[in-house]
Amino acid sequence: MRFTHFFFLLYILFFTSCKKEKLHLTKIEGSKIEITDSLKIDDEIEKYIAPFRNHIQKDLDSVLAYSVDTYSKTDGSLNTAIGNFMADAIYEETYPVFKKRTGKDIDLVLLNHGGIRSIISKGQIKLRTAYEIMPFENSIVVVALKGAQIDSLVNYLSKARRAHPISKLRLLLDEDFKVAEATIKGKPIYNDTTYYVCTNDFLYNGGDNMTFFKPNDSLYVLNYKIRNALIDHFKKVDTINPVIDDRFIQIN
């Protein structure tokens, strides 16, 4: 019985002293594991994923349309053929969806120059092309803005001096890059009018410092990705031949 009490006392003293001790991290060790083509392929894993890979590659190589030339986002200063194509395509594919759901019209489209991640090469346009141009999962949203906020949008574009893709908005800058004229669908912009701006969720949330989308009258989430809209458009048009035009230019 005495031994039982003795060991019980030792147990209490040991764990009480352990609780009082503070542990401190003194050293971290690591080693570099290089991943190279020298690593052996697991035949069983390779056999399992091969059918899935082949199926995906077959889909990506399916032809959707034809491009009469090669188009790059570096081909223009304030507007580019590829940017104009993308903005116009988003307008054409999104307009009927938005109209059916809300009964309202989309007034303009604004995308971002940096969102164009690849060229469109001359020749066949494949499903792969859409993923190369738009690898991100950006979704289309429509934001209701008053004319005063549209003025902020216009001023942003004039100061940025980049070929951010736009559609249905025409912007003329003078020699000093100040706004000389801005119209939506050929009409002046009125402060008290509500305009429905089609853009993507990245820009709506302040991407590229586009802070003019908030606050707003309302937001419409269409659950329609930019890439999917481009794919739908490629399937419809058969051939694309976009051009640099006068939608955003500097005048003398």
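Here segment 52-104 and segment 149-183 have alpha carbon centers that stand 23 Å from each other.
Using +1 on the beta carbon of Lys and Arg, -1 on that of Asp and Glu, and nothing else charged, what's the dipole of segment 59-250 about the Cα centre, debye to 20?
320
Using the membrane-span-like helix rule (whole DSSP H runs, Cα extent along the own axis of at least 15 Å, mean Kyte-Doolittle hydropathy at least 0.0), which helices of the chain qualify? Once both thresholds are applied, what remains is 2-20, 147-160. From the coordinates of this entry, Rg/Rh (Cα atoms, Kirkwood Rh) is computed, and it appears in (i) 0.97; (ii) 1.29; (iii) 0.93 under the label (ii). Fully extending the segment from Ala50 to Arg161 would add 35.3 nm, taking 0.36 nm per residue of separation and subtracting the current Cα-Cα distance. Here's the picture: charge each Lys and Arg Cβ at +1 and each Asp and Glu Cβ at -1 in the chain, and of Tyr224, Gln250, His164 the one pushed furthest to the positive end of that dipole is Tyr224.
For Lys100, the lysines whose Cα falls under 23 Å of its own Cα, not counting residues fewer than eight places away in the same chain, are Lys146, Lys168, Lys185, Lys225, Lys235, Lys236.
Annotation: the antiparallel percentage among DSSP beta bridges lying fully within the chain is about 80.
When segment 98-205 is described by a simple charge dipole with +1 on each Lys and Arg Cβ and -1 on each Asp and Glu Cβ, the residue from Asn200, Leu173, Tyr190 located farthest towards its positive end is Asn200. Annotation note: GluC sites (Glu not before Pro) in segment 52-142 located in DSSP loop regions with a Cβ neighbour count of at most 11 within 10 Å are Glu137. With a simple spin-label model that places each label point 7 Å from the Cα along the Cα-to-Cβ direction, the separation between Phe177 and Lys235 comes to 4.2 nm. Once the C-beta distance of Val221 and Lys122 is scaled by a Förster radius of 30 Å, the resulting FRET efficiency is 0.25 to the nearest 0.05. Once the C-beta distance of Tyr131 and Ile33 is scaled by a Förster radius of 30 Å, the resulting FRET efficiency is 0.45 to the nearest 0.05.
Since every read-out is calculated from the coordinates, none of them should be taken as a lab result. Note that the structure is predicted; figures quoted are calculated from it, not measured. Because the Cβ atoms are built from the backbone with ideal geometry, glycine has one as well, and the counts that use them run over all protein chains shown.
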